[in-house]
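**Q** I have a structure here, written as structure tokens, and I will follow up with some questions on it.
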Amino acid sequence: MRAAQAREVIGARMRELRESAETSLTRAADLSGWGKGHLSRVERGLTKPSRGLVEWYDATFGAGQALLGQFLDLEAAVRVGRETSLRDARLRHLGGVACFPAVAGGSVPVDHDPADCCLLMAEDPPDGTVVSVGQAFDKTWTVRNVGPVPWRGRWLTRQGAPGVAGWLQSPIRVRLGEVDPGAEAVIRVRLRAPHVEAACTAYFKITDATGRLYYPGSQSLPLHCTIYAVQPDSRRDSRWSP
């Protein structure tokens, strides 16, 4: 994951938390001490938030440290992406061992095409679904190949590193079937909620078998699953139950 993508993801989550609490940007600025313009840039993904600001959003808008966990998760994903880019650059310098196209900030698959495009059509369960702690469930995304390139040998790969509080368990990757231009595919991933009460999100990107991104631009947001894990006797009403 690239830094710009991480900023957009965490910024969108911060805005979602603030708006869910029915707090205006002006009010958030007054309460936090950070300027309204700075908060706006952070929520739009233009500026990286400080850890202190993330912790303030977490505590003020009741995310139960899940936002901080996501922030640390995304930082880890950015570090992994940078290390991979440096490794690929070294391989090319040492004799062209890794022969694949490159873009600013990293490498792309050998069959990368700039006209390639993926469109999210539907997902189930919806974001914000309430599940019991430790519960296993399936998340599906329906995506359409709206570009001219047939999809072959592609994977949906988990982004970030495990180990943070509220980690939503999942396979590291699942394979996509072959999808021709104009066709749709349903991607299904089995996840398991953490064994503690938490709001948590898992992020995935479409990659090749080595983990290189097919859609590396900062405007290509990951597929994600956001759930609230609660004790069985405190489950709130939900539109979906596995």
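The values are calculated or read from the model by the stated rules, or taken from the named source; none is laboratory data. This structure is a prediction, so every number in the text was calculated from the model and none was measured. Virtual Cβ from ideal backbone geometry, glycine too; neighbours counted across all protein chains shown. Just so you know, the surface numbers come from the protein's heavy atoms only, side chains and all, with ligands and any DNA or RNA stripped out. Shrake-Rupley method; radii C 1.70, N 1.55, O 1.52, S 1.80 Å.
**Q** Return the FRET efficiency for the residue pair D138, L221: r is the Cβ-Cβ distance, R0 is 22 Å, and the value is rounded to the nearest 0.05.
**A** 0.55
**Q** Taking 35 Å as R0, compute the FRET efficiency from the Cβ-Cβ separation of R175 and A4 and round it to 0.05.
**A** With a Förster radius of 35 Å, E is 0.80.
**Q** Collect residues whose amide H, placed 1.01 Å from N in the peptide plane, falls under 5 Å from the amide H of R173; neighbours closer than 5 in sequence don't count.
**A** Answer set, sorted by chain and number: R158.
**Q** Hey, another quick one. Modelling each spin label as a point 7 Å along the Cα-to-Cβ direction, I'd like the D233/E123 distance in nm, to one decimal.
**A** 3.3
**Q** What number does segment 1-65 give for Rg over Rh if you use C-alpha atoms and the Kirkwood radius?
**A** Result: Rg/Rh = 0.93.
**Q** List the residues, sorted by chain then number, that are 5 or more residues from C117 or on another chain and whose placed amide H is less than 5 Å from its amide H.
**A** Long-range HN contacts for C117: V146, G147, V149.
**Q** By a straight-distance test (C-alpha under 29 Å), which lysines pair with K205 as possible cross-link partners, with residues fewer than eight away in the same chain excluded?
**A** Candidates past the 8-residue exclusion: K48, K139.
**Q** Hey, another quick one. With every protein chain left in place and a probe of 1.4 Å, what is the accessible surface of I172, to the nearest 10 Å²?
**A** Ignoring ligands and nucleic acids, I172 comes out at about 130 Å².
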